[in-house]
1. Quick one: pull the percentage of alpha-carbon pairs in the chain with a separation above 20 Å.
2. Summing +1 for each Lys or Arg and -1 for each Asp or Glu, what net charge is found among the other residues whose Cβ lies under 14 Å from the Cβ of residue 82?
3. For the chain, find the longest principal axis of its Cα atoms and tell me its angle to the long axis of helix 2-174, 0 to 90°, nearest 10.
4. With +1 on each Lys and Arg Cβ and -1 on each Asp and Glu Cβ, how big is the dipole of the range 1-168 about its Cα centre, in debye rounded to the nearest 20?
5. Projected onto the charge dipole of the range 1-168 (+1 at Lys/Arg Cβ, -1 at Asp/Glu Cβ, origin at the Cα centre), which of 120, 72, 165 gives the Cα projection farthest towards the positive end?
6. Taking 0.36 nm per intervening residue step and subtracting the Cα-Cα distance, what contour gain separates residue 150 from residue 99 on full extension?
7. Taking R0 as 35 Å, what FRET efficiency do you get between residue 2 and residue 24 from their Cβ-Cβ distance, rounded to the nearest 0.05?
8. In nm, give the distance between the simple-model label positions of residue 11 and residue 81, each being 7 Å from the Cα along the Cα-to-Cβ direction.
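Taken together, the values in this text are just the output of simple stated rules run on the coordinates, not laboratory data. Here the structure is a predicted model, which means the values were calculated and not measured. Neighbour counts are summed over all protein chains in view; Cβ atoms, including those assigned to glycine, are modelled from backbone coordinates with ideal geometry.
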Amino acid sequence: MASIAKKVTAEYRRKQQEVQDLNAQAAKLRDKIRALSKQVQDQDECNHRMQQEVDRIFEQAVRYKQSIGTMQHDILTMQYKLTTEKTDVNRLDDEFEAEREMTLHHNGDIDKAKDAIKKLVQTRDRLYEELKVLSEERNQLNIERREAQERKTREDITNTKLMTAVGAMNAKVQF
């Protein structure tokens, strides 16, 4: 029996050793499970943070898409305005060109009018000179006519005196 007891004791010790080994392995496994649990928890936290970051990025992407939509609308509006402005600029350029041509035409008319005025002034000045010459000639002719009338009057007086003297002589001769 002693041998059975030894066997049982040895078996008990072996089993007890196995239990201790299993307990040690269980402790290691618990530590490993705790470590893995910690890693899982850390990974969950990391995943949670990453999910928050992804959500934030998606929210930002939505805002960017909205901004892009707004910008596209603004761009289309600006393109329309630019087209309108270009049309206005072209219209204003055409109007400016028409006004410039009218101005050139008016300037040509003004130059013609200036030339006509210049010719009229020259003609007026020439007519004034001619009038002055004619006035001087008229004055000279008036002086000559007066002198001629005075000569004629003197001649008439002389002729009358002569005739009176001749008549008186004839009367004396007839007596």
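1. Cα-Cα pairs in the chain separated by more than 20 Å: 85 percent.
2. On the way: positive: 81, 86; negative: 74, 85, 88.
Charge balance in the 14 Å sphere: -1.
3. Rounded to the nearest ten degrees, it is 0.
4. Details: 32 positive and 32 negative charges, 355 e Å.
Around 1700 debye, computed over the range 1-168.
5. Among 120, 72, 165, the one farthest towards the positive end of the dipole of the range 1-168 is 72.
6. Working it through step by step, the gained length comes to 11.1 nm.
7. Once the sixth-power term is evaluated, E becomes 0.65.
8. About 9.9 nm separates the two model spin labels.
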